[in-house]
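**Student:** Below is a structure I'd like to ask you about.
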2 protein chains.
Amino acid sequence: MLADMSLRIALLGLLATKGPASGYDLAKKFEHSLNHVWQAGHTQIYPELVKMAADGLVTVEHEGARGRKIYAITAEGRALLTEWLVGHDPSATVRSETALQAFLLALLDTEQAAAVVERIKAHFQARLAVLDCQPEGLFGKYALSLGLHQARSGIAWADETLAALRREG
Amino acid sequence: MLADMSLRIALLGLLATKGPASGYDLAKKFEHSLNHVWQAGHTQIYPELVKMAADGLVTVEHEGARGRKIYAITAEGRALLTEWLVGHDPSATVRSETALQAFLLALLDTEQAAAVVERIKAHFQARLAVLDCQPEGLFGKYALSLGLHQARSGIAWADETLAALRREG
DNA sequence: GATTGATATGTAAGAGCTGACATGTCAAGC
DNA sequence: GCTTGACATGTCAGCTCTTACATATCAATC
């Protein structure tokens, strides 16, 4: 068992929900649907698919034009995916550069801090806007809902923090 | 300029807010205060401090017992830290295994999905409990507030999702 | 038929990070 | 003086991930 399965799981998840696809397709789907949750470029995806095929998790269903290889998930792949979803512990490992900025706000003077918080707020607002007009089904609807909750709570935090900075500054 | 400065920034931030410290101290502080925002083990911290010293961002203030080296932030280090805090774009790069699980919930049957959501809820509740009785000042207070907001919105999402699963299942 | 741009797949170098291993110091209790 | 356990620092192998580079196909326009 590999240490970090997340990329494999994400790829298997896409193949399971949206059907067989090429590496290029999967890279596009990462950009458009999984983007708010996980990122991976084609340079990571192509080699990983080869390894996953070697491990029996996917098969090359057929080869199309331009050397296009269409991958499909296997029964073994589905089993691994379900096992991970059901069994994986929601780990405490979160890495957020935004939270790091929030952690260190006290090092800045009030004006600078307010500017940083405004930028963070704008970032959450942009994400909210994208998610809000998302066509049904592009995202899993529960993931969409989670994203909306998180964006809204980020904006609420930014507003409170700006008010506090103004009071104290 | 390196591609990813986050570890450096986190270390500089700790040295700036809590004063000079050894690699061991910094590793402990990562565990206790920065833990909900960023993780790094001593195996990453020790070599990074050496590189940062070579780059003039920190200096070895003095050496204590047991070969203990106390690092202090330099003016150059403070400048880099401020520059990053003020100038860093809150990137869209978020990686959350929890969100990945949420994304793929539709692949599970209702019972399995509910169990996964319960686990996620428990995880957010545990985090909320830890943050709620956090002594003032261990966290930056704005980061603490952000953490509380995020934990609460995670719990709200879990409750809504469980209700929806029960309705539809 | 030549050029251009979107499509599509790949490799390689190097930075980032984790887990396992190795080493030595100091304080306290026996 | 010996053992034990917490303190403290470090290396290394191997995996993950990003950036830059390389290549080839197809469709459309000139």
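**Student:** On the basis of being without any contact (Cβ under 8 Å) to a residue 24 or more places away in the chain, surrounded by 17 or more Cβ atoms within 10 Å (Cβ to Cβ), closer than 30 Å to A:Leu11 by Cα and of a type in the set (Val, Ile, Thr), does B:Val37 make the cut?
**Tutor:** Criteria not met by B:Val37.
**Student:** Right, something else. In the stretch B:1-59, how many are over 14 Å from the mean Cα position of the chain (by Cα), more than 20 Å from B:Arg78 (Cβ to Cβ) and more than 11 Å from DNA strand D (Cβ to nearest atom)?
**Tutor:** 0
**Student:** I would also like to ask the following. Quickly run through the stretch B:60-78 and pick out the residues that are of a type in the set (A, V, I, L, M, F, W, C) and either near DNA strand D (Cβ under 8 Å from one of its atoms) or exposed (fewer than 12 other Cβ atoms within 10 Å of the Cβ) (or both).
**Tutor:** B:Ala65, B:Ile70, B:Ala75
**Student:** Okay, moving on. Out of all the residues in the stretch A:42-56, which are touching a Phe, Trp or Tyr at 6+ places or on another chain (Cβ under 9 Å) and more than 8 Å from DNA strand C (Cβ to nearest atom)?
**Tutor:** The answer is A:Ile45, A:Met52, A:Ala53.
**Student:** When you scan the stretch A:52-169 for helices (runs of 4 or more DSSP H) that lie fully inside it, which ones turn up with 3 or more residues that are among the small types (Gly, Ala, Ser) and closer than 21 Å to A:Leu7 by Cα?
**Tutor:** Passing ranges, in order: A:75-87.
**Student:** When you scan the stretch A:27-40, do you find a residue that is among the aliphatic types (A, V, I, L, M), near DNA strand C (Cβ under 8 Å from one of its atoms) and at pLDDT 95 or above, even just one?
**Tutor:** So far as the stretch A:27-40 goes, yes, one or more of its residues are among the aliphatic types (A, V, I, L, M), near DNA strand C (Cβ under 8 Å from one of its atoms) and at pLDDT 95 or above.
**Student:** Go through the stretch A:113-143 and count every residue that is under 22 Å from B:Glu97 (Cβ atoms) and either touching a strand residue (DSSP E or B) at 6+ places or on another chain (Cβ under 6 Å) or facing another protein chain (nearest Cβ under 8 Å) (or both).
**Tutor:** Of the residues in that region, 7 qualify.
**Student:** Looking at B:Leu15, B:Leu11, which is the one that is out of contact with any Gly (no Cβ under 6 Å at 6 or more places or on another chain), within 13 Å of DNA strand C (Cβ to nearest atom), at pLDDT 95 or above and closer than 19 Å to A:Ala99 by Cβ?
**Tutor:** B:Leu11
**Student:** Counting only residues that are hydroxyl-bearing (Ser, Thr, Tyr) and more than 12 Å from DNA strand C (Cβ to nearest atom), which one in the stretch A:57-95 is nearest to B:Ala115 (Cα to Cα)?
**Tutor:** Result: A:Thr82.
**Student:** Between a residue in the stretch B:73-99 that is facing another protein chain (nearest Cβ under 8 Å) and any residue that is among the aromatic types (Phe, Trp, Tyr), which pairs come within a Cβ distance under 6 Å, given they are 6 or more apart or on different chains?
**Tutor:** B:Arg95/A:Trp38
The values are calculated or read from the model by the stated rules, or taken from the named source; none is laboratory data. Since the model is a prediction, treat every value here as computed from it, not as a measurement. When we count neighbours, we look across all protein chains shown, and the Cβ atoms used for this are built from the backbone with ideal geometry, even at glycine.
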